[in-house]
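Shown next, in structure tokens, is the structure this report addresses.
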Amino acid sequence: STGEKMRKLGIILCLCVFCCSVGYLMNHHQQGVNAVETNKELSNMKEDFKNGKLDNYEIDEEKLAAVKEEVLDEYKPFVAINDDMQGWVEIEGTNLSYPVVQSKDNLYYHRRNFQGEDDYYGIPYLDYECRLDTDPERCSDNLIIYGHNIGNDGLMFNPLSYYKQLDFYKQHPVVRFDSIYKEQEYKIFGVMIVNSEPEQDNGTVFKYWQQVDFDDEEEFNAFVNEVRRRSMWDIDVDVQPDDNLLTLSTCCYDFRPNARCVILARAIREG
């Protein structure tokens with residue numbers, strides 16, 4: 001009968017939806033497992049390279065020899081493997097510890113890993129407009145690094161969302177970003193949840209991602225004041241116009257779509 005046919009069709013559709021959902025969840029889980037393994041491998045590589053243990057890795061000797069002398073020894077093998085390598089970002093006491101790459105745009109590494117392979121979790125990448133150099137005077141005033149926040153799994157830039165808890169900031173007030181040329185720590189002075197599109201918050205978009213360099217002291221101070229206005233926490237860290245800044249940016253789900261969780265820090269000064 002027609003009713004029996006409809007009943008069977010409904011069952012088949014339900015089974016199809018169920019199978020697709022299970023397949024999606026299994027695939028998502030496997031991507032997370034793969035990301036953990038990849039990140040563990042990169043961390044082991046960093047430790048081995050720091051100790052001069054290169055024998056277990058396929059590194060082109062000619063490329064290694066061609067790496068700039070100014071590059072820190074532990075990062076030279078990474079540059080030989082991938083010359084997009086720009087440094088390493090880390091927050092001590094968390095899973096956030098990754099190489100940072102840079103391409104000619106902000107799309108290439110959006111869903112690719114360090115080896116350039118398709119990877120839903122991607123790899124943290126430096127904004128394509130930022131400059132790193134052996135001479136600090138030729139570096140950008142504000143280094144902006146992007147990373148994914150896939151879910152509450154602690155991978156990639158997910159730990160940035162933990163800064164919505166004041167106790168977490170008190171325990172982790174410092175971000176380390178070593179460029180391939182210099183080791184450097186940064187003290188966090190702002191934690192923001194911002195909209196990236198006007199309709200998300202019925203308000204003006206704070207285009208922090210466009211502030212790579214500052215024309216003068218006035219522009220720098222205006223930017224820092226805008227960060228402090230939006231910061232979840234009133235953090236008593238002084239910021240001066242000659243300070244170099246670091247911005248870590250990821251997506252978050254406080255409102256949809258495409259809210260941003262943004263951490264800003266300034267370089268810790270000598271002494």
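The values are calculated or read from the model by the stated rules, or taken from the named source; none is laboratory data. This is a predicted model, so every value here is computed, not measured. All Cβ positions, glycine included, derive from the backbone under ideal geometry; neighbour counts span all protein chains shown. Surface areas here come from the heavy atoms of the whole protein model, side chains and all, with no ligands, DNA or RNA. Shrake-Rupley method; radii C 1.70, N 1.55, O 1.52, S 1.80 Å.
Quick look at the numbers
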{"quantity": "Pairs with Cβ under 9 Å, 6+ apart, first in the stretch 158-179 and within 24 Å of G87 (Cα to Cα) and hydroxyl-bearing (S, T, Y), second open to solvent by less than 10 Å² (accessible area, probe 1.4 Å) and in a helix (DSSP H, G or I)", "calculated": "Y169/Y163; S179/Y75"}
{"quantity": "Single residue of L132, L143 found to be among the hydrophobic types (A, V, I, L, M, F, W, C) and in a strand (DSSP E or B)", "calculated": "L143"}
{"quantity": "Scan of the stretch 71-125 for residues that are in a loop (DSSP other than H, G, I, E, B), more than 16 Å from the chain's Cα centre (by Cα) and charged (D, E, K, R), ordered by number", "calculated": "D83, K104, E117"}
{"quantity": "Selected residue [over 21 Å from the mean Cα position of the chain (by Cα) and not aromatic (F, W, Y)] from D213, D236", "calculated": "D236"}
{"quantity": "Of all residues making up the stretch 196-237, the number that are part of a loop (DSSP other than H, G, I, E, B), charged (D, E, K, R) and touching a residue at least 24 places away in the same chain (Cβ under 8 Å)", "calculated": "2"}
{"quantity": "Hey, I193 outside any helix (DSSP H, G or I), open to solvent by 30 Å² or more (accessible area, probe 1.4 Å), of a type in the set (A, V, I, L, M) and under 23 Å from I235 (Cβ atoms) or not", "calculated": "yes"}
{"quantity": "Residue in the stretch 87-96 that is modelled with pLDDT under 95, surrounded by 22 or more Cβ atoms within 10 Å (Cβ to Cβ) and in contact with a strand residue (DSSP E or B) (Cβ under 7 Å, 6 or more places away or on another chain) present", "calculated": "yes"}
{"quantity": "Meets criteria (within 18 Å of C251 (Cβ to Cβ), surrounded by fewer than 17 Cβ atoms within 10 Å (Cβ to Cβ) and modelled with pLDDT under 95) for E199", "calculated": "yes"}
{"quantity": "Some residue of the stretch 126-143 being closer than 24 Å to E41 by Cα and not polar (S, T, N, Q)", "calculated": "yes"}
{"quantity": "Any chance E137 is surrounded by fewer than 18 Cβ atoms within 10 Å (Cβ to Cβ) and in contact (Cβ under 8 Å) with a residue 40 or more places away in the chain", "calculated": "no"}
{"quantity": "Enumeration of residues in the stretch 215-261 that are acidic (D, E) and either out of contact with any strand residue (DSSP E or B) (no Cβ under 8 Å at 6 or more places or on another chain) or exposed (fewer than 15 other Cβ atoms within 10 Å of the Cβ) (or both)", "calculated": "D215, D216, E217, E218, E219, E226, D234, D236, D238, D242, D254"}
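Residue by residue, here is whether (1) more than 22 Å from K50 (Cα to Cα); (2) among the acidic types (D, E); (3) in contact with a Pro (Cβ under 8 Å, 6 or more places away or on another chain) holds:
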{"position": "G93", "(1), (2), (3)": "no, no, no"}
{"position": "K104", "(1), (2), (3)": "yes, no, no"}
{"position": "R112", "(1), (2), (3)": "yes, no, no"}
{"position": "D127", "(1), (2), (3)": "yes, yes, no"}
{"position": "Y163", "(1), (2), (3)": "yes, no, no"}
{"position": "Y169", "(1), (2), (3)": "yes, no, no"}
{"position": "K182", "(1), (2), (3)": "no, no, yes"}
